Structures are given as structure tokens and as C-alpha cells.
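Down below is the structure, laid out as C-alpha cells.
Just so it is clear, none of the values below were taken in a lab; they were calculated from the coordinates. What you see is a predicted model, and the numbers here were worked out from it, not measured in a lab. Ideal geometry is used to build each Cβ from the backbone, glycine not excepted, and the neighbour counts take in all protein chains shown.
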Amino acid sequence: MYEMKPEYMTGIALIDEEHKKLFELADQLYEILNNEFIPDKYDYIVEVIDGLKEYAKKHFKDEEDYMVSINYKRLFSQKIEHQEFLGKMEGFDLEAIDEDQKQSCLELLNYVSDWLVNHILGSDILIGK
Ligand SMILES: [Fe+2]
């Protein structure tokens, strides 16, 4: 459902590969949300949030290192956008997620997928140009 598409490709192999993995994490949320055999979704949601935190940190570092290596002009605004994503992942109220798991999972999924698509199409795609 949530996956890498041709229009998201920057042409930089490492970055595209890592974006693909981030979409896979978003897709895990979609699966959790729609899996009726997982009535208690809390542990699964927290696991994906942890995965997103960890993997996004690695990815942003790789991407920023690449931008430094090519002397990329928009590094600063990229860093701000990356920080915003990590801040969101760090700032979740886990109790509130537990209390309303389906709604929280849906909101998280919407945030992650919207952020990824907007950031890739609005910013990352320019790195390859
Ligand atoms: Fe980026």
C-alpha cells in the first residue's frame, strides 16, 4: 500500500534505497492498523515508532553527509525538516496512543506518509538535480 514509486526516485542509489525502507516501515503501520487479528496494537505501534526513529536517524545522517560531500546549497533547510520529523517521533504521548490505538495508528501513518512524500518530492528530489 505504502511503497516507493518511480516519481520518488532521486537517482542517488543510497538515498533511494533508504527511502524505500522508510516506506516499508509506514506500510507496517498500515498492516497493523488493518489487521483484525491484532486487537491490542500498542506494542506493535511502539515498535514501529522505535524503528522509524532509529532508521530515520541513520538515513538523515547518510543524506546530510552526502549533501555535505557535494557542497549542497539547501543543507540547512533539509536539516530543519529532518529535525522536525525526529522531534515528532520523539514527542509521542505513549499513554494517549495506548488509549486510542486505532486513531493514533491512523494519525501516525498519515503523518509519516505525508511527511515522506512531501519531503522527498519537495526537497530530496532536488539533491539529485
Ligand atoms: Fe531529506
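Which of the trypsin sites (Lys or Arg not before Pro) across segment 1-91 are loop residues per DSSP, with 10 or fewer other Cβ within 10 Å? Sites meeting the loop and neighbour criteria: K73. Applying 1/(1 + (r/R0)^6) with R0 = 35 Å to the Cβ-Cβ distance of I38 and E84 gives a FRET efficiency near 0.75. About the centre of its Cα atoms, the chain shows a dipole size close to 800 debye [charges on the beta carbon of Lys, Arg (+1) and Asp, Glu (-1) only; nearest 20 debye]. Comparing Cα centroids, segment 90-119 and segment 29-89 end up 12 angstrom apart.
Electrostatic tally near Y72: other residues with Cβ closer than 12 Å to its Cβ, Lys and Arg +1, Asp and Glu -1, net 0.
Available extension along the chain between K58 and E7 is 16.1 nm, counting 0.36 nm per residue and deducting the alpha carbon span.
Report, to the nearest 10°, how far helix 13-34 tilts away from the longest principal axis of the Cα atoms in the chain, using its own Cα long axis and a range of 0 to 90°. Taking the Cα atoms of the chain, the angle to 13-34 is about 10 degrees.
Report the GluC sites (Glu not before Pro) located in segment 1-50 that are in a DSSP loop and have at most 12 other Cβ atoms inside 10 Å of their Cβ, or state none. Don't jump to the answer; show the numbers that get you there.
On the way: sites: E3, E7, E17, E18, E24, E31, E36, E47; in loops: E3, E36.
Listed in order of number, the matching sites are E3, E36.
Apply the Debye scattering formula to segment 42-129, with a single equal point scatterer on each alpha-carbon and no solvent, then give log10 I(q)/I(0) at q = 0.13 Å⁻¹. Log-scaled intensity ratios, in q order: -0.47. In the chain, helical runs assigned H by DSSP with n ≥ 4 each contribute -39500 (n - 2.57); averaged across all residues and rounded to the nearest 500, the mean residue ellipticity at 222 nm is -24000 deg cm²/dmol. For the chain, the relative contact order works out to 37 percent when only alpha carbon pairs closer than 8 Å and six or more residues apart are counted. Against the main long axis of the alpha-carbon atoms of the chain, helix 101-119 sits at an angle near 10°.
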